[in-house]
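Below is one structure, written out as structure tokens, with a few remarks after it.
Bear in mind that the values in this text are calculations on the coordinates, not laboratory data. Predicted model only: the values in this text are computed from it and were never measured. Positions of Cβ are backbone-derived with ideal geometry, glycine not excepted, and every protein chain shown enters the neighbour counts.
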């Protein structure tokens, strides 16, 4: 066991900086490594992971981040967050297609629009608590696809067929993505994994990935700032002890509604990101199954933590992809067919609730505390 | 008159339709039939809620499993449908008892959130297991009741199936009532649902009693599924829609009232069929269920027949 480092000391600071630099390096290098899809063969199964999977996972992370505000932090069980994500995605799709906006500028409508929508949703939710709110939101999630298919809005939303979004996100000429790839390729050893230059499609994928990463980072940073301050403490107090919070002067109604508003706005951004990623929106994508997936991601990653949203987003994206590509049981010839990914996610959900109720983020934190202990700063020091 | 017609035009309502008595009656009968099926799944939800105080989101999945078992027993093994359904009810009860013992009982019963999450996990596992084992091909399960209609009036038919569905639901409620009020097991069950700690103190074995509640609920759910499926086709996602309507029914009737579940189911079934037909809202059928849930929870959270709980501060 190593000696504990005092929180806030120079050593601790250094360690944090090293951690962030490593994180930034990984985030920046991964797209070049898997721009040419990464296809490992494990136990006789061939897998193909593309950059697209990762970009989709980033969208899911932000969606879980939004859900986390209402459910993880302020403790209001929402099983219908896909509704907000879907609304954001469709809003973006319609604005881009019909008014020829750019993707990012649609955020100017999506964020305030969904915030208001979330607040309007949060007001009736004030009177409905706990389980009943879960019941209602569960039903709301199931309704989203049929609203999209309504005759009155079919011309706009494309009905069951979904909506192909016109605009292409092409990498601007000033972005030196191709040059960077060539540099990386020139590095001996590791460089062999990086392709020698990018094709047009690959360049577009890498550019989209970086755009999504930036949007996600901004979201996480803003949400973190909201949550570490007065608002965050109020929300956690409401979750842990509503009566106590009210007695301490927290305006329950205002904060609960606010949490739904922020939560919906972040969900809307996630919808925009998913629309950016795939260039297509379809009604069933944002139905009930996504709502459940988001809850799985939230719990598996760790409710009430920001890291949890990252882990959860990766889990709900890659577990289904991985299992749908697993043709035979590893090491044997037994063929696997069917929705194993969903079954595994369900099992994972239950296993996490049993073994690690704080989620993966909590587990990491415990391991980290064991390996690199940090002593809290003494009061007044 | 002119004003009325234009008002109706907004909702796409034609006066021909509204003045068509046969259509009203036909939709009324269909509503009763649908309502009976919603009521039966709602009864299962109410049983779990009464005993444990939470909503089992996996209830539809347990029913789905039961219906597939009934399909295996009847179509593949050649048993008469009614016998197959009873066998499936027994089998799904066994599964539910196992699930309760392994996944539910380890958690403290007063912490609702983890339990709800576990039932969501079970929903994912059971639904996809059904998809893995039986695939996504649609199948048809014969009805337990003879075809044909004893009462016909133009297009309005009161079929044997509707009568059978209604009769089954009323029989189930009657039997449940007798079971809960006249037997020792029922007494234990009521004691546990009213006050878990005191029940334990007077020597009631709480765990097995709750397991019994789960088994009973799964059996009722399976029976409900067996009533639903002949109208639709059997495929893995079928119970999800039924679950939403049944949740609406249970919320309307009051989550802890058996009679409420039946009346709620019938009202939701009727409302659904009448609204869809006369307002042309076929895509909004699910949304009407959600609207019912929302209005009930806002206006009268205990539902029509539910009991109010007073929280001590």
Exercise. Rounded to two decimals, what ratio of Rg to Rh does segment B:137-284 give with C-alpha atoms and a Kirkwood Rh?
Worked result: 1.04
For this session: Within a 10 angstrom radius of each residue's Cβ in A:123-136, how many Cβ atoms of other chains show up on average? Whole number is fine.
Result: 5
Problem set entry | Most mobile of A:247, A:89, A:139 in a GNM of chain A (Cα contacts under 10 Å) | A:247
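Can you show me the helix-derived [θ] at 222 nm for the protein assembly as shown, built from DSSP H runs with n ≥ 4 at -39,500 (n - 2.57) apiece and divided by the number of residues, rounded to the nearest 500.
Details: 28 runs with 467 residues, N = 694.
It comes out at -22500 deg cm²/dmol, rounded to the nearest 500.
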Exercise. If you look at just the Cα atoms of chain B, how large are its Rg and its Dmax in Å?
Worked result: 20.4, 72
Exercise. Between segment B:99-151 and segment B:22-50, how many Å separate their Cα centres?
Worked result: 19
Problem set entry | GNM top mover of A:243, A:51, A:348 - chain A, alpha-carbon springs below 10 Å | A:243
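Per residue, what volume in Å³ does the convex hull of the Cα atoms of segment A:41-374 enclose?
Convex hull volume per residue, Cα atoms: 179 Å³.
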Exercise. Considering the Cα trace of the protein assembly as shown, what is its radius of gyration and what is Dmax, both in angstroms?
Worked result: 27.3, 88
Seminar exercise, completed: segment A:209-279 and segment B:245-279 have their Cα centres apart by a whole-number Å value of 35
Problem set entry | Peptides B:191-199, B:170-178 ordered by average Cβ neighbours within 10 Å, highest first | B:191-199, B:170-178
Seminar exercise, completed: Largest fluctuation, A:277, A:100, A:12 only, Gaussian network model of chain A with Cα springs under 10 angstrom, belongs to A:12
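With a cut-off of 8 Å between alpha carbons and a minimum separation of six or more residues, what is the relative contact order of segment A:41-374 in percent?
Values: 531 pairs, mean separation 119.6, N = 334.
Once divided by the residue count of segment A:41-374, the mean separation gives 36 percent.
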